[in-house]
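Q: First the structure, then my questions, so here it is.
The values are calculated or read from the model by the stated rules, or taken from the named source; none is laboratory data. Everything numeric in this text was worked out from a predicted model, so none of it was measured. With ideal geometry, Cβ positions are generated from the backbone for all residues, glycine too; neighbour counts draw on all protein chains shown.
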Amino acid sequence: MTNTTTALRWHAPGDLRLEEVHVRTPGVGEVRVRPAYVGVCGSDLHEIVDGPHAIPVSRPHGLSGGRAPLVLGHEFSAVVESVGPGVEGLAPGDRVAVEPNYRCGTCAACQSGRYHVCEHFGFAGLMGDGGMAGLAVLPSYMLHRLPSRVDLAQAAVLEPAAVALHATRRSGIGAGDTAVVIGLGPVGLLVCLLLRLRGVQTIVGVEPSEQRRALALSMGVDHVIDPSRTENGPADLVRKLLGGGATVSFEVVGHQSTFDMALASVRSGGTVLLVGLAGGLHFDGFAAVNAEITIRASVGYNDCYPELIDLVAQGQLDLDPFTGDMEPLADAVEVLNDLARGRRQGLKTLIRCAGADIGASVPTVFTNVSQVRT
Ligand SMILES: NC(=O)c1ccc[n+]([C@@H]2O[C@H](COP(=O)([O-])OP(=O)(O)OC[C@H]3O[C@@H](n4cnc5c(N)ncnc54)[C@H](O)[C@@H]3O)[C@@H](O)[C@H]2O)c1
Ligand SMILES: [Zn+2]
Ligand SMILES: [Zn+2]
């Protein structure tokens with residue numbers, strides 16, 4: 001069994017290195033995998049531009065034991081290479097999606113099933129070694145076996161899809177309701193796809209990028225708005241299109257201005273759901289109280305992967321629009337630096353690692369959209 005692998009490691013802001021690193025054999029409850037596809041996330045780019053934000057530098061993370069230099073990549077699929085003692089239900093050759101959050105299993109949040117807000121919260125790929133490597137060692141609880149109809153590239157998109165599914169669950173939205181989704185990046189577009197599956201009646205998307213607005217329309221979003229091109233502001237148009245405002249406004253950008261837009265777009269008694277990561281936000285308390293607006297936050301995900309894997313396997317959720325841009329691990333330093341400096345754009349870039357050559361799968365057949373369980 002080999003003890004080294006090639007990995008993309010963050011050493012410091014602007015200092016990424018593709019290098020040979022030691023990789024241990026899996027211990028009790030651990031699995032060693034060959035990563036297949038690894039999505040590049042905005043949070044990876046923040047670490048490259050002006051980190052560290054989440055990456056531990058001086059003290060190792062409590063659960064992972066990891067600190068810089070650290071292997072990036074938290075949105076990934078893989079093929080099992082070997083399993084450690086005590087691991088059941090996984091065997092070499094299994095194709096898996098990685099749900100990358102560490103959990104202690106004993107804090108109050110973990111005990112109540114809310115492991116995504118564990119006291120020792122962290123992600124493989126940010127607070128411990130992640131997927132941009134030839135081999136990775138992970139706790140077995142992170143791994144979900146994939147049916148043959150889910151391909152490994154789509155499986156790398158399950159992580160942002162889980163963020164989106166958790167947000168739609170947190171919003172309490174249901175069939176016949178209306179929604180505005182502000183920000184149509186990968187997460188916003190995935191929110192739109194999942195809202196459609198939930199039977200939401202009308203979905204309005206707000207997004208400055210023409211390409212992303214066009215993609216949203218092709219995914220079944222009813223109306224799209226360019227925020228820079230409305231006479232009285234996008235919220236006014238949303239209220240007109242939705243007869244008084246949205247049941248739920250999803251804020252998926254992370255700015256004060258888009259938070260204001262979300263509040264101004266929601267109907268009386270409705271909900272503003274915060275997904276975008278912003279610092280200090282302020283709002284008009286009178287307006288929010290008088291209209292009984294609920295403001296809720298959503299972070300990460302819990303128990304979302306099984307439902308998403310079923311949806312993809314049944315052909316109800318098409319993640320292919322997010323898998324078009326792939327680059328090999330050998331070029332990852334240049335690709336990530338270009339993305340971080342805005343020299344390269346695209347909806348989602350996937351880094352292709354050695355596991356992609358091993359895991360074969362059967363193409364998904366898409367059927368008509370129907371509702372998912374709530
Ligand atoms: N809560 C969580 O658990 C969680 C998880 C992942 C990402 N996030 C956050 O969600 C947000 C979206 O993530 P993403 O990966 O889709 O990022 P992204 O940057 O690709 O998408 C943001 C989109 O917002 C658009 N936008 C910018 N200004 C706008 C405006 N004034 N009006 C409308 N749209 C505007 C951008 O053009 C872009 O398409 C980010 O803030 C990210 O940090 C939160
Ligand atoms: Zn991410
Ligand atoms: Zn915990």
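Q: Going through Gly280, Gly270 one at a time, which residue ends up being assigned to a loop (DSSP other than H, G, I, E, B), out of contact with any Leu (no Cβ under 8 Å at 6 or more places or on another chain) and away from ligand 2 (no atom under 16 Å from the Cβ)? Write out each step before concluding.
A: Numbers: Gly270 fails: assigned to a loop (DSSP other than H, G, I, E, B).
Of Gly280, Gly270, the one residue that is assigned to a loop (DSSP other than H, G, I, E, B), out of contact with any Leu (no Cβ under 8 Å at 6 or more places or on another chain) and away from ligand 2 (no atom under 16 Å from the Cβ) is Gly280.
Q: Considering only region 56-83, how many residues are more than 14 Å from ligand 2 (Cβ to nearest atom) and either modelled with pLDDT under 95 or not in a strand (DSSP E or B) (or both)?
A: Counting residues in region 56-83 that are more than 14 Å from ligand 2 (Cβ to nearest atom) and either modelled with pLDDT under 95 or not in a strand (DSSP E or B) (or both) gives 14.
Q: Please determine, by comparing only the residues of region 345-362 that are modelled with pLDDT of 95 or more and in a loop (DSSP other than H, G, I, E, B), which one is farthest from Val150 (Cα to Cα).
A: Going through region 345-362, the residues modelled with pLDDT of 95 or more turn out to be 347-356.
From what's left, in a loop (DSSP other than H, G, I, E, B): 347-348, 353.
Numbers: Leu347: 21, Lys348: 18, Cys353: 18 Å.
Filtering region 345-362 for residues that are modelled with pLDDT of 95 or more and in a loop (DSSP other than H, G, I, E, B), the one farthest from Val150 (Cα to Cα) comes out as Leu347.
Q: Another question, if that's okay. Among (1) closer than 16 Å to Arg9 by Cα; (2) part of a strand (DSSP E or B); (3) of a type in the set (Lys, Arg), which single condition is Arg32 missing?
A: Failing condition for Arg32: (1).
Q: For region 210-230, what are the residues that are farther than 22 Å from Leu158 by Cβ, within 12 Å of ligand 1 (Cβ to nearest atom) and either within 20 Å of the chain's Cα centre (by Cα) or part of a strand (DSSP E or B) (or both)? Walk me through how you get there before you give the answer.
A: Keep residues of region 210-230 that are farther than 22 Å from Leu158 by Cβ, which gives 210-211, 213-214, 217, 222-230.
Filter once more, so that each one left must be within 12 Å of ligand 1 (Cβ to nearest atom): 210-211, 213, 224-230.
The answer is Arg213, Val224, Ile225.
Q: A further question follows. Out of Ser58, Ser43, I need the residue that is out of contact with any Gly (no Cβ under 8 Å at 6 or more places or on another chain), more than 16 Å from ligand 1 (Cβ to nearest atom), among the hydroxyl-bearing types (Ser, Thr, Tyr) and assigned by TED's automatic domain parsing to the domain that holds Gly342. Which one? Before you say what the answer is, go through the steps one by one.
A: Working: Ser43 fails: more than 16 Å from ligand 1 (Cβ to nearest atom).
Answer to the check: Ser58.
Q: A further question follows. Tell me which of these Ile48 doesn't satisfy, since it passes every other one: (1) within 28 Å of Val335 (Cα to Cα); (2) away from ligand 1 (no atom under 16 Å from the Cβ); (3) out of contact with any Ser or Thr (no Cβ under 7 Å at 6 or more places or on another chain).
A: With (1) within 28 Å of Val335 (Cα to Cα); (2) away from ligand 1 (no atom under 16 Å from the Cβ); (3) out of contact with any Ser or Thr (no Cβ under 7 Å at 6 or more places or on another chain) applied to Ile48, the lone miss is (2).
Q: Cβ-Cβ below 6 Å, separation at least six or inter-chain, first residue in region 78-107 and on the phi > 0 side of the Ramachandran plot and assigned by TED's automatic domain parsing to the domain that holds Arg145, second more than 16 Å from ligand 1 (Cβ to nearest atom) and among the β-branched types (Val, Ile, Thr): which pairs?
A: These pairs meet every condition: Gly86/Val28.
Q: Looking only at region 110-117, decide whether some residue is outside any helix (DSSP H, G or I), surrounded by 20 or more Cβ atoms within 10 Å (Cβ to Cβ) and assigned by TED's automatic domain parsing to the domain that holds Ser58. Before you say what the answer is, go through the steps one by one.
A: Filtering region 110-117 down to residues outside any helix (DSSP H, G or I) leaves 112-114.
If we keep only those that are surrounded by 20 or more Cβ atoms within 10 Å (Cβ to Cβ) as well, we get none.
Checked region 110-117: no residue is outside any helix (DSSP H, G or I), surrounded by 20 or more Cβ atoms within 10 Å (Cβ to Cβ) and assigned by TED's automatic domain parsing to the domain that holds Ser58.
Q: What number of residues within region 294-327 are surrounded by fewer than 17 Cβ atoms within 10 Å (Cβ to Cβ) and within 14 Å of ligand 1 (Cβ to nearest atom)?
A: So the answer is 5.
Q: Among the residues of region 164-185 satisfying the criterion of being surrounded by 24 or more Cβ atoms within 10 Å (Cβ to Cβ) and assigned to a helix (DSSP H, G or I), which is farthest from ligand 2 (Cβ to nearest atom)?
A: So the residue we want is Ser171.
Q: Being among the polar types (S, T, N, Q) and either assigned to a loop (DSSP other than H, G, I, E, B) or away from ligand 1 (no atom under 16 Å from the Cβ) (or both), is that true of even one residue in region 84-103? I'd like the intermediate steps shown before the answer.
A: At the first step, the residues of region 84-103 found to be among the polar types (S, T, N, Q) are 101.
Narrowing the set further to residues that are either assigned to a loop (DSSP other than H, G, I, E, B) or away from ligand 1 (no atom under 16 Å from the Cβ) (or both) leaves none.
For region 84-103, residues among the polar types (S, T, N, Q) and either assigned to a loop (DSSP other than H, G, I, E, B) or away from ligand 1 (no atom under 16 Å from the Cβ) (or both): absent.
Q: Every residue in region 182-209 that is among the hydroxyl-bearing types (Ser, Thr, Tyr), within 6 Å of ligand 1 (Cβ to nearest atom) and in contact (Cβ under 8 Å) with a residue 40 or more places away in the chain, please. Walk me through it before giving the result.
A: Residues of region 182-209 that are among the hydroxyl-bearing types (Ser, Thr, Tyr), as a first pass: 202, 209.
Those still in the list that are within 6 Å of ligand 1 (Cβ to nearest atom) too: 209.
Correct list: empty.
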